[in-house]
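Structure first, commentary second.
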Amino acid sequence: MSENFWRNYQIRIEPWATEYDSPIGITDEENISDKPPIDITVESKDWKPRQPDPSAKIPEKIVFVDGRCRLDSRFLGQKDNEILYGVFATVAVGAVLVDRNAQRATAIETSVKRAIAVGGNLMPPVTRVPCPLGTKATLTYDLCLTSSENSPRASLSLIQKSMLKEEAKLAEKFNNNSDILVIRDGPLLYGLYKSPGLTMGYIKTMGKQYLNGDAAQILWHLNLGERTPIFFIGKPKQFKSHWSWYLRSGEQNIVPKNLGYHNLHGIVRMDLYGEVPLAKAIELANLSTVLIPQYASHPIRDPRAPQNLTPVGGLEKELGRHMGDRKVIERRLRNFLIN
Amino acid sequence: MTKTSIGFVLGTQESTPLEFWVAVSPGRVLRLDDVVEIQTYRPDDRNSIIHFYGVVDYVRTIYEGTQFDTDTFLASKGSLPVNISYAARVQVTRIEPEEYLPPQPGDRVCLAENEDLKKALHFDRMEKPISAGLMRNGSPAYFNFEFINGEKGGHLNISGVSGVATKTSYALFVLHAIFNSAALGNQRANTKALIFNVKGEDLFFLDKSNSRLREEDRQDYQTLGIPIEPFKDIRFCAAPRKNDRDITPHLDQRSENISVYLWSLRELCRDRLFSFLFAGDDLQRGNLGFLVSGVTEKLARLARDNDRQDKKNNRQLGSHLVADEAYGNDDKSRIETFRDLIEFLEHKLLVEPSDPRWLGRNAGATAEALIRRLWGIASEMSHLIRGDLSPKEMADYRLDPLDIAYQLSIVDINKLGGKAQKFVVGVLLQKLFTEKEKRGQNPIVFIVLDELNKYAPRDGRSPIKDLLVEIAERGRSLGIILIGAQQTASEVERRVVGQAAVRVVGRLDSAEAERPEYNFLTGACRKRSLLLKSGSMFIHQPEVPAPLLVNFPFPAYATRKVEASRTQAEIEELEADLDRF
């Protein structure tokens, strides 16, 4: 059955190796509707840096949720006279449970899904890729995705969305436990799977500028651990609204200037759902000023330091291991499609 | 029988038919010396199972998912998630059937227990197993007696630092195991051992039970299948005290049931033992060796003439010599002491006109050297070589390790000077060797000799070294088995150590452990040999390809005076004494 699909549409691997592509490169923040209204007066009328709050009580258990997706191979097919675009991809999500009492970080709930995305409303079948003799592992692509748009970009976007959905699902698992603080690597999204209420979003790239003019000036002058006052994105009491603030992460003895970085280095944005009460948002914002720099990575270890959090860096490696070797998988896919 | 699964064959390191790695499952333990078993399939035939057995020789844990050493701090602070990888390297000891293909990554690894353990270490093939001690997992280890008794191989050699390595204790344990083993069959009663006591008087209580044996030690004996009892039928021998008119054994801690050993002048000459008076470098210098062999011959002829004379006169063979001409200042003719013998030789070799038949073509200086050396050892030796005792007395002081009445002879040489020690060892072994050449392989005689480096040093030649080499090379077929020990095998003649089929190593010092003599130890074992505690030894035998670490149980026999339990008779006597008060 599944063989027919691949045969009928004459599907072949895109000969260009995926290394020449950027990895799935759609920034998270592009998905948010453009130019939402911003209110910078919600916490205080006085738009000045806020000092870190050493009295903030850090919860004993923190869960960092993150996902990774990887293009295993692109493929092209032929439907009538149209070119079909699609990808094989691997989506992995997982979490790191940091137990501050036991001083232990453990990667938990890692799961890997193999996905096929094809454009043009053509649902691909569940496909089992044969493995060479001698190994017991199986390679089954069972997350089948399609959309009406038929373009190379559309299939990538499908994969990306499915990963965010998995991340949100995973974050929901920890929602019931009020002792656990959940931090999602990436912005909080509204969608089919919304992360639970108090989940914090951690956005490490300046993909989009929310502050303009004088308000943005402050970002250049934030000291380590300092944050901007909370600002509100979207319209009050409306769907897709967020609390947000910027803070400077990093380490005391690392001066971005000396490393040749610009002055916005180490600035990250935090995200909360709009329905969280303001008082709680302020509490969490104060907490973040102490918490985030504690888990900031060091430039020696991680080129994305200090923005990429250490537990998340570890999780990414762990997920990478679970995903398996891309070259091996691509070779198997190629063999499968040849036969 | 369910097997204890312990992990899987590691896929990130090479698996070879002779060595592979195991990823140890969480919550499981695999230690050095643990024995494992895996089953793998021929990739082309799912029905043919191949069993691999092996011993763990390296274990390690490491943080996985870390890139820098300092990631360890992050991991222990709790901000970096890491995995702990626990892996062990296994040296394969056996493949059944012998298909030298590599195990497959992911194959299940089990602990080898009971029958599997025996298979892994080839114990199942041993027709004549002898307990070699307890392995770390509590199971007994075995020697194949066929590689000790000379059938397929012979001799056992033990190396290790004095005091810690417990070489003598282990030799005794092995002897005890041999004497109490079914492997001896009908030769059990006949098998003999000759032990030289070189240090203290510790071996003089082996006939007593050890009062300090604890309950757990008894358990060990039960596991090993060795009875908890002292040695039986022991003859304790000691040299006579010096300068004592009465002949009493020179021992401080024990007085009862000790026999004295010494030799008559006549025997020394008749059996050509004269050359054993010269040890070490003596015979290498100049023509001394040549002169000594000439003199030995002449003395042997003289002794035979004396014997003939005694027989003709219907006398028992005497212990003295009668010179063929008067000698010395007071024109004596009887040679009754060692000093007399020297004077007699002076007369023959030095006093003008010297006897050309005795001196041969040797220069006067050589003869002087010979006499000088004899005077040098006169005080050490004269109480051991006597010509003043009656034939009846001499019979009492004869030491024959093959004596039917005794199984074990313990000969104290600890109170003797260095040259006298070599003389005693040399003479006893020479006589034993000659006797066994006549009698053949049975009964088997074990010789326990410590400080082999003294008797068979790597450099130089001496009569006793030649003899030990001869025993090492030919002893197997004559039923003389050498259980030799030394601190450093590198200082012992290669042929003596090399002929030993079974090698045992206790604690070594670090420089010694690197020597090629210990090549049978794998790299990891060499390092561990520096750390071995007393009572732990590595054993190596031809059939088992990996050295095994064994502990031997606390001795069931007393090895010190304080350990000796009193016999029932002694207790009764003490009680009677108490009653009297």
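The values are calculated or read from the model by the stated rules, or taken from the named source; none is laboratory data. Everything numeric in this text was worked out from a predicted model, so none of it was measured. Here the Cβ is made from the backbone with ideal geometry for all residues, glycine too, and neighbour counts use every protein chain on show. Heavy atoms of the whole protein, side chains included, go into the accessibility calculation; ligands, DNA and RNA do not. Shrake-Rupley method; radii C 1.70, N 1.55, O 1.52, S 1.80 Å.
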Any chance you could give the angle, 0 to 90 degrees and rounded to 10, that helix A:326-338 forms with the longest Cα principal axis of chain A?
30
Compute, for chain B, the length of the dipole vector about the Cα centre, with Cβ point charges of +1 (Lys, Arg) and -1 (Asp, Glu) only. Units Debye, rounded to 20.
820
Lys/Arg +1, Asp/Glu -1 at C-beta; the protein assembly as shown dipole; positive extreme among B:L172, B:S139, B:C110
B:C110
Measuring from centroid to centroid over Cα atoms, what is the spacing of region B:89-161 and region A:105-184 in Å?
51
Past 24 Å, Cα to Cα: identify those pairs from A:K208/A:K240; A:K113/A:K161; A:K45/A:K204; B:K348/B:K422; B:K128/B:K465; A:K173/A:K280, in the order given.
A:K45/A:K204; B:K348/B:K422; B:K128/B:K465
Which FRET efficiency value, to the nearest 0.05, do you get for A:R128 and A:R321 by plugging their Cβ-Cβ distance into 1/(1 + (r/R0)^6) with R0 = 25 Å?
0.65
If you take the beta carbon distance between B:E115 and B:R136 as r and set R0 to 25 Å, what does 1/(1 + (r/R0)^6) give as a FRET efficiency, to the nearest 0.05?
0.85
Averaged over A:96-107, number of beta-carbon atoms from partner chains that fall within 10 Å
4
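What do you get for Rg/Rh over region A:270-339 if you use C-alpha atoms and the Kirkwood form of Rh? Spell out each step's value before the answer.
Numbers: Rg = 19.7 Å, Rh = 15.5 Å.
We get a ratio of 1.27 for region A:270-339.
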Could you check the spin-label model distance between B:E368 and A:K48? Points 7 Å from the Cα along Cα→Cβ, value in nm.
11.3
Using only Cα atoms, what Kirkwood radius does the protein assembly as shown have, in angstroms?
35.7
With +1 on the Cβ of every Lys and Arg and -1 on the Cβ of every Asp and Glu, the dipole magnitude of the protein assembly as shown about its Cα centre, in debye rounded to the nearest 20, is 1540
Mind checking which of B:L184, B:S477, B:F278 is farthest towards the positive end of chain B's charge dipole, using Cβ charges of +1 (Lys, Arg) and -1 (Asp, Glu) about the Cα centre?
B:F278
Using heavy-atom solvent-accessible surface (probe 1.4 Å) with all chains present, what is the largest-first order of B:T12, B:T559, A:T228?
B:T12, B:T559, A:T228
Peptides ranked, highest mean first, by Cβ atoms within 10 Å: ranges B:420-428, A:197-205:
B:420-428, A:197-205
For B:T16 and B:V562, calculate 0.36 nm times their separation in residues minus their Cα-Cα distance, and state this gained length in nm to one decimal.
191.2 nm
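Can you give the accessible area buried between chains A and B, summed over both chains, with a 1.4 Å probe, in Å² to the nearest 100?
Numbers: alone 17400 and 26770 Å², together 42820 Å².
It comes to approximately 1400 Å² buried between A and B.
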When you look at the Cβ of every residue in A:285-297, what mean number of other chain Cβ atoms sits within 10 Å?
1
Across the Cα atoms of region B:1-125, what radius of gyration and what greatest pairwise Cα-Cα distance (Dmax) are found, in Å?
16.3, 55
Under a 5 Å amide H to amide H cut-off, with H placed in plane at 1.01 Å, what residues pair with B:Q499 once short-range neighbours are removed?
none
Per-residue HN-Hα couplings for region A:263-272, Karplus 6.51 cos²θ - 1.76 cosθ + 1.60 at θ = phi - 60°, whole Hz, x for Gly and Pro?
6, 8, 4, x, 7, 10, 10, 10, 9, 9
Going by average Cβ neighbours within 10 Å, how do the peptides B:63-71, B:245-253, B:172-180 rank, with the highest at the top?
B:172-180, B:63-71, B:245-253
Viscosity 0.692 mPa s, temperature 37 °C: what is the translational diffusion coefficient of region A:2-338 from Stokes-Einstein with a Kirkwood Rh over Cα pairs, rounded to a whole number of µm²/s?
153
If you roll a 1.4 angstrom probe over the protein chains with everything in place, what fraction of the accessible area of chain A belongs to carbon and sulfur, to the nearest %?
51
With each label point set 7 Å from Cα along the Cα-Cβ vector, what nm distance links B:N329 and A:R12?
12.1
Computed over region B:72-148, Cα set: Rg, Dmax in Å:
19.2, 61
What average number of partner chain Cβ atoms lie no more than 10 Å from the Cβ of the residues making up A:306-313?
3
Between the alpha-carbon centers of region B:507-549 and region A:228-279, tell me the distance in whole angstrom.
63
Can you compute the modelled spin-label distance between A:Q209 and A:R331, with each label point 7 Å from Cα toward Cβ, in nm?
4.8
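In µm²/s, what is D for region B:460-572 at 4 °C and 1.567 mPa s, where D = kT/(6 pi eta Rh) by Stokes-Einstein and Rh is the Kirkwood radius from Cα pairs? Write down the numbers at each step before the final one.
Working: Rh = 16.5 Å.
The Stokes-Einstein estimate is 78 µm²/s.
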What's the Kirkwood radius of region B:92-189 in Å, using all Cα pairs?
15.9
May I ask you to compute the full-extension gain from B:R108 to B:E393, defined as 0.36 nm times their residue separation minus their alpha-carbon distance, rounded to one decimal in nm?
95.3 nm
Cβ-Cβ FRET estimate between B:R339 and B:K312, R0 fixed at 35 Å, reported to 0.05
0.80
With +1 on the Cβ of every Lys and Arg and -1 on the Cβ of every Asp and Glu, the dipole magnitude of region A:2-338 about its Cα centre, in debye rounded to the nearest 20, is 500
Would you give the gap between the C-alpha center of region B:200-214 and the C-alpha center of region B:338-376, rounded to a whole Å?
48
Stretched out fully, how many nm does the piece from B:R212 to B:R494 gain, at 0.36 nm a residue minus the Cα gap?
97.6 nm
So the angle from the long Cα axis of helix B:167-179 to the longest Cα principal axis of chain B, reported in degrees to the nearest 10, equals 90
Which number comes out as Rg/Rh for chain B once both Rg and the Kirkwood Rh are worked out on C-alpha atoms?
1.08
Cα-based reach from A:K165 at 14 Å (exclusive), listing aspartates and glutamates while leaving out same-chain residues under 8 positions away:
A:D28, A:D66, A:D185
Note on region B:280-431: alpha-carbon gyration tensor, axes a ≥ b ≥ c; rule is a/c under 1.5 for rounded, else prolate if a/b larger than b/c, else oblate; result oblate
Nearest 10 degrees is fine. How inclined is helix A:152-173 to the longest principal axis of chain A, computing both from alpha carbons?
60
What part of the accessible area of region B:349-452, given as a whole %, is carbon or sulfur when the probe is 1.4 angstrom?
49
